Amino acid sequence: MVRDLARVGMDSRERLLTAINNGKPDRLPVQVHRWMPYYLRTYLGGIDQWAAYEQFGMDMVIYSDPVVSVDDTEQSRWIRERVLCETDREGVRHWKIRVRTPGGDLTGAEAGNDITTWTTEYLIKTERDFELFEKYCPSPTFDWSPVMRDLNRLGNRGIVRTASRGYGQGAPWQDLCTLMGTVSAIMTALDEPERTRHMLDVILAKRVSTIEKSPPNPSDIVSTGGGAGSDTVISPDLHARFCLPYDRAYHAALREKSPRTKIVYHLCGGVMNLLDLVATNGADGLETMTPPSMGGNADLSAARRMIGDRLFFVGGFDQQQGFERGTPEDARRLVVQCHAACPDGGYICCPSDHFFHGNPENIRAFVDAARECRYDG
């Protein structure tokens with residue numbers, strides 16, 4: 001059951017920890033879904049995430065990454081090269097990717113601009129390609145000392161999040177879609193389910209190996225999952241077959257190694273047809289609760305009624321209407337709507353994805369509105 005922990009005068013860390021423990025803090029906590037370097041450079045003078053949170057007086061949710069290391073022998077068998085080939089008329093840069101292994105090469109391609117990067121040729125295109133990945137791609141070791149430094153620096157000003165680093169975003173299915181393309185992964189799952197399960201088994205084993213040989217994760221939250229598991233991408237049936245069992249196993253390994261760290265499952269798209277499944281995958285929370293206006297289908301109020309006693313939520317704020325295209329009044333209105341949808345707490349109001357543009361005054365209104373959204377004691 002949701003615990004009623006509302007009281008006056010919480011500091012930012014107490015407020016956020018109460019929310020991710022599915023309790024009711026003194027008022028609505030807010031964060032951003034990782035400050036994007038482009039936004040920091042273009043709109044905030046190049047400051048870092050720490051200064052950005054301070055500038056707006058926001059509860060701090062610091063995104064922090066471990067140092068990733070790979071055994072020298074393993075690294076010598078998986079040598080990734082990224083070579084810039086050209087910059088086109090629109091300023092888009094194009095890279096060729098080559099991974100050299102003892103059994104042959106893998107090739108891919110990427111493109112990017114000042115805002116972001118994307119894949120133009122997937123690394124895994126044939127069964128042989130995956131065989132090379134299975135045989136030679138290493139599972140790294142994580143050194144969490146940067147996360148510990150951030151926790152110590154942060155104090156009572158907020159919490160620290162880490163990403164579930166792997167071979168894509170945060171889970172085996174998302175890794176597979178990143179490696180071979182979402183359409184190819186779906187078609188393979190439909191046509192060759194046993195082969196798909198084998199590939200997911202391999203990816204899961206590599207991820208679990210990293211957990212086992214790394215120290216415990218000291219962060220407050222680790223994110224898993226990925227948008228490729230959303231119900232706007234795959235059916236609930238495919239999710240149940242190719243996401244749920246691997247998510248459960250992965251979450252169990254995370255929980256055993258780092259029992260204090262909360263797990264938030266990331267579905268940046270459709271969630272409403274998956275709520276009963278997600279509530280059984282071993283996570284503590286669900287994000288990004290993307291509303292229909294952003295291409296998702298999340299209904300915060302309905303989701304809270306359905307599974308809010310089992311999971312906390314992060315997200316739900318339409319960053320296009322509230323930040324990128326809107327006004328301070330729009331931002332305030334959307335915050336109030338999000339607060340009304342989760343009257344019992346267990347919720348952090350947050351943009352439902354990254355944002356790259358928008359008047360900083362809209363962010364200020366976002367923060368100011370949250371201060372006024374108090375919970376009944």
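For this structure, a couple of remarks:
- Hits in segment 274-293 - residues which are open to solvent by 40 Å² or more (accessible area, probe 1.4 Å) and either of a type in the set (S, T, Y) or in contact with a strand residue (DSSP E or B) (Cβ under 9 Å, 6 or more places away or on another chain) (or both): T280, S293
- Any hit, segment 24-40, residues being aromatic (F, W, Y) and in a loop (DSSP other than H, G, I, E, B): yes
- Condition check for C85 on (1) farther than 30 Å from A303 by Cα; (2) surrounded by 13 or more Cβ atoms within 10 Å (Cβ to Cβ): one failure, at (2).
- Cβ-Cβ contacts under 7 Å between residues 6 or more apart (or on different chains), taken from a first residue in segment 213-225 that is closer than 25 Å to L277 by Cβ and hydrophobic (A, V, I, L, M, F, W, C) to a second residue that is at pLDDT 95 or above and not in a strand (DSSP E or B), are listed as I221/I20; I221/T261; V222/L254; V222/T261.
- Residues in segment 41-61 that are in a loop (DSSP other than H, G, I, E, B) and either open to solvent by 20 Å² or more (accessible area, probe 1.4 Å) or in contact with a His (Cβ under 6 Å, 6 or more places away or on another chain) (or both): G45, G46, I47, D48, G57.
- Residues of segment 359-377 that turn out to be more than 22 Å from the chain's Cα centre (by Cα) and open to solvent by less than 50 Å² (accessible area, probe 1.4 Å), as a count: 7
- Selection count, segment 117-168, where residues are aliphatic (A, V, I, L, M) and free of Cβ contacts under 8 Å to residues at least 40 places away in the same chain: 1
The values are calculated or read from the model by the stated rules, or taken from the named source; none is laboratory data. As the structure is a computational prediction, the values presented were derived from the model and not from experiment. Every residue, glycine as well, gets a Cβ built from its backbone with ideal geometry; the counts of neighbours run over all protein chains shown. What goes into the accessible areas is simple: the full protein's heavy atoms, side chains included, and nothing from ligands, DNA or RNA. Shrake-Rupley method; radii C 1.70, N 1.55, O 1.52, S 1.80 Å.
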